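Novice: Right, I'll just put the structure down here and ask away after.
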Amino acid sequence: MAPGQEGFSRGKIITPGSPAQLGAFGLFQPVKSQERILTPTTQRLTVKMADDMLWVGFAELCGGLMSTADYLALAEDYGTWVIDGVPSPTIESAAGSAPAWQRFSNVVDVLYDQGITLFLVGHGPLDWELAGDLAPDPGRPIGARRVDLARIASRLSLLGRVEASEPFEEIETGGS
């Protein structure tokens with residue numbers, strides 16, 4: 001494994017992101033008073049927390065006009081990132097726009113290349129390989145393109161997955 005990949009591969013894909021799931025990794029949902037506005041280059045970015053780690057929503061990070069230069073500047077200051085509110089790439093209505101997925105792909109590339117630990121949190125399913133099979137052809141402007149999803153899937157395959165147990169299992173193990 002390349003040196004930069006080691007930091008990146010410490011991250012996780014967490015669904016649905018319950019307090020118990022997050023807490024197992026020392027992550028605790030930020031409170032409103034921790035919210036900050038950062039300006040890494042020329043674009044303003046509202047983040048949920050920017051202390052020892054960067055905690056930001058998918059919509060804020062990928063839904064606006066942020067560029068790769070912004071992501072590189074942020075990567076210089078934060079060795080751990082949490083991106084929450086990540087939409088399922090397999091559900092068309094929630095999948096976001098093609099530009100948002102392109103920016104997400106750029107974020108993942110920057111964090112991978114810089115060896116930044118990444119935690120992705122979403123209600124799921126967060127399966128980019130399956131989404132790549134379902135994505136529209138490159139000529140269609142709606143949704144994520146196959147090539148973007150394939151690149152995302154390749155990078156994110158290095159991250160471990162933490163998924164919720166079935167509800168009946170939680171009830172059985174939670175009460176004893």
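Novice: Along the positive direction of the dipole of the range 1-108 (beta-carbon charges: Lys, Arg +1; Asp, Glu -1; about the Cα centre), which of Ile14, Thr41, Gln102 reaches farthest?
Specialist: In the range 1-108, that residue is Ile14.
Novice: Right, another one. From the phi angles alone, apply the Karplus equation (6.51, -1.76, 1.60; θ = phi - 60°) to the range 62-77 and give each ³J(HN,Hα) in whole Hz, x where the residue is Gly or Pro.
Specialist: For the range 62-77, the Karplus-derived couplings read 10, x, x, 10, 4, 10, 4, 4, 4, 5, 5, 5, 5, 5, 5, 9 Hz, x marking Gly and Pro.
Novice: Probe 1.4 Å, all protein chains in place: accessible area of Val162 in Å², nearest 10?
Specialist: That residue has around 30 Å² of solvent-accessible surface.
Novice: Taking amide hydrogens as modeled 1.01 Å from N in the peptide plane, which residues meet the under 5 Å criterion relative to Asp84, leaving out close sequence neighbours?
Specialist: Result for Asp84 returns Val56, Gly57, Phe58, Val121.
Novice: Roll a 1.4 Å probe over the protein chains and send me the accessible area per residue for the range 1-82 in Å².
Specialist: 51
Novice: Placing unit charges on C-beta atoms (Lys and Arg positive, Asp and Glu negative, everything else neutral), compute the dipole magnitude of the range 1-123 about its Cα centre in debye, rounded to 20.
Specialist: Approximately 260 debye in magnitude.
Novice: Additional query: With each pseudo-label sitting 7 Å past Cα toward Cβ, what's the Gln43-Ser97 distance in nm, one decimal?
Specialist: Label-label distance for Gln43 and Ser97, simple model: 1.1 nm.
Novice: Then there's this: Can you give the local net charge around Thr117? Use residues other than it whose beta-carbon is closer than 12 angstrom to its beta-carbon, Lys and Arg +1, Asp and Glu -1.
Specialist: For residues surrounding Thr117, the net value is 0.
The values are calculated or read from the model by the stated rules, or taken from the named source; none is laboratory data. This one's a predicted model, so the numbers in the text were calculated from it and none came from an experiment. Quick reminder, even Gly has a Cβ in these numbers, built from the backbone with ideal geometry, and neighbours come from all protein chains shown. The area values use the complete protein model at the heavy-atom level, side chains included, leaving out ligands, DNA and RNA. Shrake-Rupley method; radii C 1.70, N 1.55, O 1.52, S 1.80 Å.
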